[in-house]
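Structure first, then comments.
Where a number appears in this text, it was derived from the coordinates with a stated rule and is not lab data. Keep in mind that what you see is a predicted model, and the values were worked out from it rather than measured. Cβ sites come from the backbone with ideal geometry, for glycine too, and all protein chains shown count toward neighbours.
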Amino acid sequence: MSTPSMTLFHSPASPFVRKVMVLLHETGQLDRVAINTITLSPVSPDSGLNEDNPAGKIPALRLADGSVLHDSRVILDYLDHQHVGNPLIPREGSARWRRLMLASLADAILDAAVLIRYETFLRPADKHWDLWLDNQREKIERALAYLERDSIAELSSAFDIAAISVACALGYLDFRMPSLDWRAAQPQLAKWYADVRQRPSLKATEPPTA
Ligand SMILES: N[C@@H](CCC(=O)N[C@@H](CS)C(=O)NCC(=O)O)C(=O)O
C-alpha cells in the first residue's frame, strides 16, 4: 500500500464528497488519498478549509504540491486523469457532453436538496419560506421526471460520471428527503437505482444512518 499523496476534505453526509469517494473506489485510487473529515455548514465554516478554497465548501482536494482543487466536478475530472483504466468521463465527442450534462442534472438535484436541507435544518422554523422551498422541490421533481422519461437506457449503459452522479443524488434524497417518495413517480429510475446501489463503491459510501 502506497502513502497517500493527496488529502480529501470530507464529510460522510456530503453527496458531493460521495461522488468523489465513489470514483476513487471505482478507479482503484483509494490508497492515494488521505481523508480529512470535517464538520461544516454555511453558518459554521471551517477556517482551515477556507484558506485555499475561498468558497469554503467540500469536497476539496489538496494535491501533493500543496495546491487545492475544488469543486466536485473539477476533482472528478482530475482524478479521472490519474488512473490507467477506462475513463469514467468520456474524453471527447458527443458522449462527453451528454454524460456531463446528465451529471450536471444530478448536481442540480443535489443543489436544490442541499438548499432545502439548509433552509429546514439551519434556519429557525418561523423563518422558513414555503414558496422558495416549493420551488426547490419542483426543480428536483422536474429533474427526476426527465431522468425517468429520457435517460434510463443511457444510465444503464455505463457506470460513469453520469451514473455516479445520479446514484449519489438519489442516495441523498433517500437520506435527507425520504418523504419525497421519488420512487412512486419514477419506477424505472427506482429499478435502475436498486441495481446500482449494490455496487461495492456505493455500498461503502452510504451516508450515515443516524
Ligand atoms: N458545487 C459544489 C457544491 C459543494 C457543496 O455544496 N458542498 C456542501 C456540503 S454537501 C458544503 O460544503 N456546504 C458548506 C457551505 O455551503 O458553506 C461541488 O460540486 O462540490
Next item on the list: Just tell me, in residue order, which DSSP H segments of the chain are both 24 angstrom or longer along the helix axis (alpha-carbon based) and at least 0.5 in mean Kyte-Doolittle hydropathy.
Entry: 93-117
Notebook entry, point to check: Please state the relative contact order of the stretch 6-80 as a whole percent: Cα pairs under 8 Å, 6+ residues apart?
Noted result: 39
Next item on the list: Using +1 at the Cβ of each Lys and Arg and -1 at the Cβ of each Asp and Glu in the chain, identify which of His83, Ile116, Phe159 lies farthest towards the dipole's positive end.
Entry: Phe159
Check: Magnitude of the Cβ-charge dipole of the stretch 93-199, K/R +1 and D/E -1, about the Cα centre, nearest 20 debye?
Finding: 280
Check: Order of Lys203, Lys139 from fewest to most other C-beta atoms within 10 Å?
Finding: Lys203, Lys139
Next item on the list: Could you run the Debye sum over the Cα atoms of the chain, one equal point scatterer each and no solvent, and tell me log10 of I(q)/I(0) at q = 0.09, 0.11, 0.15 Å⁻¹, two decimals?
Entry: -0.35, -0.53, -0.99
Notebook entry, point to check: If you place +1 on the Cβ of every Lys and Arg and -1 on the Cβ of every Asp and Glu, how big does the dipole about the Cα centre of the chain come out, in debye to the nearest 20?
Noted result: 280
Item checked: Compactness index (Cα Rg / 2.2 N^0.38 Å), the stretch 93-199 -> 1.11
Note to self: Placing one identical point scatterer on every Cα of the stretch 6-80 and ignoring solvent, what is log10 I(q)/I(0) from the Debye formula at q = 0.22 Å⁻¹?
What the structure shows: -0.96
